[in-house]
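**Student:** Quick one: the structure is below, questions incoming.
Readers should treat all values here as calculations from the given coordinates under stated rules, not as data from a laboratory. The model shown is predicted, which means the values in this text are computed figures rather than measured ones. Cβ: placed from backbone, ideal geometry, glycine included. Neighbour counts: every protein chain shown.
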């Protein structure tokens with residue numbers, strides 16, 4: 001997929017546009033082919049680079065930024081969509097959701113409310129403090145997640161949790177629990193998964 005990265009030269013920024021369908025491996029391969037040519041165009045110029053297109057995780061952003069810096073030492077800005085919305089969040093992990101039945105809940109959960117479901121669930125609202133969501137697969141909260149969320153409740157460590165804003169004090173995937181301090185800053189567009197028996201909190205985009 002050599003055309004997964006397109007470079008456009010502009011007056012204020014040079015744009016690197018990444019295809020939404022590209023894998024990280026394809027992105028890196030395409031950049032390795034195209035960056036030497038872009039470097040030759042720079043010479044003494046310091047025109048910043050803006051990366052747009054696909055929503056990237058933090059570790060993907062870091063890898064791409066380091067790769068570009070190896071060729072061109074200029075300012076690099078990752079300009080992800082300002083609002084992910086339902087389509088954007090779903091696309092970010094559509095592979096996981098497609099393998100399970102997905103239910104939708106319209107509205108916010110108040111303190112004392114609890115939802116339990118088989119498969120995955122997408123909450124079109126907030127999960128407030130004192131509320132709880134339990135799913136055998138994935139949990140997506142488009143608004144604020146302040147209550148408790150337990151994904152992969154039947155032991156699936158491949159399940160994920162995602163929230164427009166993560167403000168909870170505890171998250172759980174399968175039998176793995178992570179406690180968060182109340183002083184922890186809210187995390188925008190959080191993506192939570194298990195890696196080597198530890199719960200990892202990543203970001204679907206930079207703020």
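**Student:** Full-extension gain between residue 79 and residue 182, please, as 0.36 nm times their residue separation minus the C-alpha to C-alpha distance.
**Tutor:** Taking 0.36 nm per residue and subtracting the Cα distance, the gain is 34.1 nm.
**Student:** Hey, another quick one. Listing 168, 47 from the residue with the fewest other Cβ atoms within 10 Å to the one with the most, what is the order?
**Tutor:** Placing the least packed residue first, the sequence is 47, 168.
**Student:** Which of 12, 126 comes first, and how do the rest follow, when ranked by fewest Cβ neighbours within 10 Å?
**Tutor:** The most exposed by this proxy come first: 12, 126.
**Student:** For segment 132-163 and segment 1-55, what is the separation of their C-alpha centers, rounded to whole Å?
**Tutor:** 35
**Student:** Separate question: Take 182, 146, 172, 110 and order them by how many other Cβ atoms sit within 10 Å, fewest up front.
**Tutor:** 182, 110, 172, 146
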